[in-house]
Amino acid sequence: SFCIVSGCITYKKAFSKISWAAAITIAGCLGIGKAITASGTAEFVAQKLYELLGPEPSIPLFLIVIGLFCNLLGNLMSHTPALTIVATVFIPLADQMGIDPTIFAMALTLFTCVGYMTPLGGASYSMTLSEGFKFTDYIKLGFIPNLVCFSIVAAVTIIRLACL
């Protein structure tokens with residue numbers, strides 16, 4: 001909008017450059033996020049993950065499994081609705097397990113936001129869809145950064161929780 005006001009680009013030119021595929025993808029992801037939360041699917045998945053880990057899961061195992069779930073959602077939908085889903089479900093669960101909710105909330109945020117493997121996670125990635133990149137191109141280029149960032153977040157969080 002600053003470029004339009006300052007005259008760097010005309011309104012018509014800016015409007016023609018909007019990536020409608022990206023806008024529709026983001027809007028769809030927001031709707032999916034709301035539907036998953038409203039339908040109870042998020043709570044159902046959280047309960048199943050908790051049951052899968054057993055009655056007394058180790059905190060590092062719990063953190064990594066929840067982190068993988070967050071990362072998966074962060075790769076399949078916009079980070080904001082994905083984080084909304086996981087935070088409302090898993091922070092109370094972590095609090096019940098005796099995990100510091102502030103540290104856990106930060107870990108959930110980072111696990112969700114390091115979803116680099118698909119163009120669905122962020123608006124900036126979605127904008128490049130109109131330039132001819134294939135979905136598999138994002139996975140090929142984003143897998144290693146996603147894995148490295150996930151590992152760093154997991155390690156730092158586990159170390160931080162162990163220091164408490």
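The values are calculated or read from the model by the stated rules, or taken from the named source; none is laboratory data. Source: prediction; values computed, not measured. A quick note on method: Cβ atoms are made from the backbone with ideal geometry, for glycine too, and the neighbour counts reach across all protein chains shown. For accessibility, only protein heavy atoms count, side chains too; no ligands or nucleic acids. Shrake-Rupley method; radii C 1.70, N 1.55, O 1.52, S 1.80 Å.
Yes or no: residue 103 more than 10 Å from the chain's Cα centre (by Cα), surrounded by 21 or more Cβ atoms within 10 Å (Cβ to Cβ), assigned to a helix (DSSP H, G or I) and touching a residue at least 12 places away in the same chain (Cβ under 8 Å)?
Criteria not met by residue 103.
Outside any helix (DSSP H, G or I) and either at positive phi or without any contact (Cβ under 8 Å) to a residue 24 or more places away in the chain (or both) - does that describe any residue in region 73-87?
Within region 73-87, none of the residues are outside any helix (DSSP H, G or I) and either at positive phi or without any contact (Cβ under 8 Å) to a residue 24 or more places away in the chain (or both).
Could you check region 129-146 and list, in sequence order, the residues that are open to solvent by 40 Å² or more (accessible area, probe 1.4 Å) and in contact (Cβ under 8 Å) with a residue 40 or more places away in the chain?
Answer for region 129-146, where residues must be open to solvent by 40 Å² or more (accessible area, probe 1.4 Å) and in contact (Cβ under 8 Å) with a residue 40 or more places away in the chain: 129, 130.
Between residues in region 1-13 that are without any contact (Cβ under 8 Å) to a residue 12 or more places away in the chain and residues that are among the aromatic types (Phe, Trp, Tyr) and surrounded by 10 or more Cβ atoms within 10 Å (Cβ to Cβ), which pairs lie under 9 Å by C-beta distance while being six or more apart or on different chains?
4/11
What residue, of 93, 120, is closer than 26 Å to residue 31 by Cβ and in contact with a Leu (Cβ under 7 Å, 6 or more places away or on another chain)?
Unique residue meeting the criteria: 120.
Any residue in region 36-53 that is closer than 16 Å to residue 73 by Cβ sitting within a Cβ distance under 8 Å of a residue that is at pLDDT below 75 and of a type in the set (Val, Ile, Thr)? List the pairs, counting only those 6 or more apart or interchain.
From region 36-53, the pairs are 42/36.
In the set 94, 87, 105, which member is of a type in the set (Gly, Ala, Ser), touching a Pro at 6+ places or on another chain (Cβ under 7 Å) and under 18 Å from residue 154 (Cβ atoms)? Break it down stepwise before answering.
Working: 87 fails: touching a Pro at 6+ places or on another chain (Cβ under 7 Å); 105 fails: touching a Pro at 6+ places or on another chain (Cβ under 7 Å).
Of the residues listed, the single one that is of a type in the set (Gly, Ala, Ser), touching a Pro at 6+ places or on another chain (Cβ under 7 Å) and under 18 Å from residue 154 (Cβ atoms) is 94.
Any idea which of (1) farther than 23 Å from residue 27 by Cα; (2) open to solvent by 80 Å² or more (accessible area, probe 1.4 Å) is the one residue 149 doesn't satisfy?
The number of the failed condition is (2).
Do we find that residue 159 is aliphatic (A, V, I, L, M), modelled with pLDDT of 80 or more and surrounded by fewer than 16 Cβ atoms within 10 Å (Cβ to Cβ) in this structure? Break it down into steps so the answer makes sense when it comes.
Values: aliphatic (A, V, I, L, M): yes; modelled with pLDDT of 80 or more: yes; surrounded by fewer than 16 Cβ atoms within 10 Å (Cβ to Cβ): yes.
Yes: the conditions hold for residue 159.
Which one is nearest to the chain's Cα centre (by Cα) among residues in region 45-69 that are of a type in the set (Val, Ile, Thr) and within 11 Å of residue 157 (Cβ to Cβ)?
The extreme case among them is 66.
Do we have any residue at all in region 111-121 that's free of Cβ contacts under 8 Å to residues at least 12 places away in the same chain and assigned to a helix (DSSP H, G or I)? Step through it out loud before you land on a result.
From region 111-121, those free of Cβ contacts under 8 Å to residues at least 12 places away in the same chain are none; that's our starting set.
No, region 111-121 has no match at all.
When only residues in region 45-72 that are under 30 Å from residue 24 (Cβ atoms) and open to solvent by 20 Å² or more (accessible area, probe 1.4 Å) count, which is modelled with the lowest pLDDT?
45
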